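Okay, so here's the structure we're looking at.
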Ligand SMILES: *Cc1c(COP(=O)(O)O)cnc(C)c1O
């Protein structure tokens, strides 16, 4: 693959000296789990996003599970979410014993359609879980209005959107809690698994700190049942190095996206939409094409990486057969799953590389 979908090695080569040094310091410190690097990262990210508390955990998936559990979401509850996301979003709802209720998406932003949320609110609804998909913030104002009207929690799945802004504020500042992932390919990624929960609620932060470490505040005294879901020092040290560059990287991503948007002008593809109220961080650059299969095959045969996000919406997954959804229930999400595909976009992608990718897409048409 001459032009892979993402190139993690390219990023490492740029930061090698700084990262190697940070890793070596951790190795020499003999403090490997929940040490000073994690504490510093929690402080840095809380400040970067603009919230009071941050709790580092083992993954973005765990961030979602722990956030829902700490808010008391569990058996018998329903959580309203989007079917057009990575499986972990709904999986976390199910893992705490609640039931995901899927709402169709907006055909431009691919995020949960806020106008369809209220009609799904019922007696059992406990929370809304919007996802800021591909780095484009969900339309939070109407979502928060419904949450307020019906006294529901809001948990943001911001795993793909760290740094993005909605009406001037970073995503992660709107809900009762917000969940982030540091999976290597995310806009801020580590070299393994990692995640974080952000909140302005001190009691919730305290509960989350217990949950991530066996329900214990004081070692060998366990107040509640918890998990082993901690962020380790090596990953936190790497993330502390990378966080300094995140805003620059996100600007680069927007520049690359805008070049794609301009130069793919006449091609018969639907380009990603960016609402004027938001600052998109383009975790993925996702196009839609009628003849997606041929398009993807053509690009791959020309050594250009592609990815399909997502081939099957969550309401039609085998794991959710029991929820009773059928083909046609959420038509927008289903039609986008048949047409969408991502092309390479990462901060280190060169202009020459990008122009070649654009040329190939044009020559397909
Ligand atoms: C990556 C991702 C997750 C899960 O994060 P992990 O760190 O891989 O567990 C959850 N939701 C969304 C939308 C994601 O993109």
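The values are calculated or read from the model by the stated rules, or taken from the named source; none is laboratory data. Worth saying up front: this structure is predicted, and the values here are computed from it rather than measured. Heads up, the Cβs are rebuilt from the backbone with ideal geometry, glycines too, and the neighbour counts pull from every protein chain shown.
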**Prompt:** When you go through (1) more than 19 Å from residue 333 (Cβ to Cβ); (2) within 16 Å of the ligand (Cβ to nearest atom) one by one for residue 97, which number turns out not to apply?
**Reply:** (2)
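Table: residues versus (1) surrounded by 15 or more Cβ atoms within 10 Å (Cβ to Cβ); (2) touching a helix residue (DSSP H, G or I) at 6+ places or on another chain (Cβ under 6 Å); (3) assigned to a helix (DSSP H, G or I).
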{"residue": "325", "(1), (2), (3)": "yes, yes, no"}
{"residue": "332", "(1), (2), (3)": "yes, no, yes"}
{"residue": "336", "(1), (2), (3)": "yes, no, yes"}
{"residue": "342", "(1), (2), (3)": "yes, no, no"}
{"residue": "345", "(1), (2), (3)": "yes, yes, no"}
{"residue": "357", "(1), (2), (3)": "yes, no, yes"}
{"residue": "360", "(1), (2), (3)": "yes, no, yes"}
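So that you can scan it fast, the table gives a plain yes or no per residue for (1) in a loop (DSSP other than H, G, I, E, B); (2) surrounded by 14 or more Cβ atoms within 10 Å (Cβ to Cβ); (3) away from the ligand (no atom under 16 Å from the Cβ):
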{"site": "256", "(1), (2), (3)": "no, yes, yes"}
{"site": "260", "(1), (2), (3)": "no, yes, yes"}
{"site": "268", "(1), (2), (3)": "yes, no, yes"}
{"site": "276", "(1), (2), (3)": "yes, no, yes"}
{"site": "286", "(1), (2), (3)": "no, yes, no"}
{"site": "295", "(1), (2), (3)": "no, yes, yes"}
{"site": "312", "(1), (2), (3)": "yes, yes, no"}
**Request:** State all residues of the stretch 165-188 that are crowded, with 24+ Cβ neighbours inside 10 Å and either away from the ligand (no atom under 11 Å from the Cβ) or at pLDDT below 95 (or both); if no residue qualifies, say none.
**Result:** 171, 172, 175, 177, 178
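Of everything in the stretch 151-194 that's part of a strand (DSSP E or B) and in contact with a helix residue (DSSP H, G or I) (Cβ under 6 Å, 6 or more places away or on another chain), which residue is nearest to residue 125 (Cα to Cα)?
Per the criteria, the residue is 154.
Do we have residue 239 as under 16 Å from residue 163 (Cα atoms), within 14 Å of the ligand (Cβ to nearest atom) and assigned to a helix (DSSP H, G or I) here?
Criteria met by residue 239.
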**Complete:** Residue pairs qualifying under the 8 Å Cβ cut-off, at least six apart or on distinct chains, with the first in the stretch 49-64 being assigned to a helix (DSSP H, G or I) and the second being away from the ligand (no atom under 16 Å from the Cβ), are 49/170; 49/173
**Fill in**
Only one of 246, 256 is at negative phi, touching a residue at least 60 places away in the same chain (Cβ under 8 Å) and within 18 Å of the chain's Cα centre (by Cα), namely 246
**Message:** If I filter the stretch 195-203 for residues that are part of a loop (DSSP other than H, G, I, E, B), more than 18 Å from the chain's Cα centre (by Cα) and at pLDDT below 95, do I get at least one hit?
**Reply:** no
**Prompt:** What are the residues in the stretch 55-79 that are more than 14 Å from residue 155 (Cα to Cα) and within 16 Å of the ligand (Cβ to nearest atom), if any?
**Reply:** 55, 56, 57, 58, 59
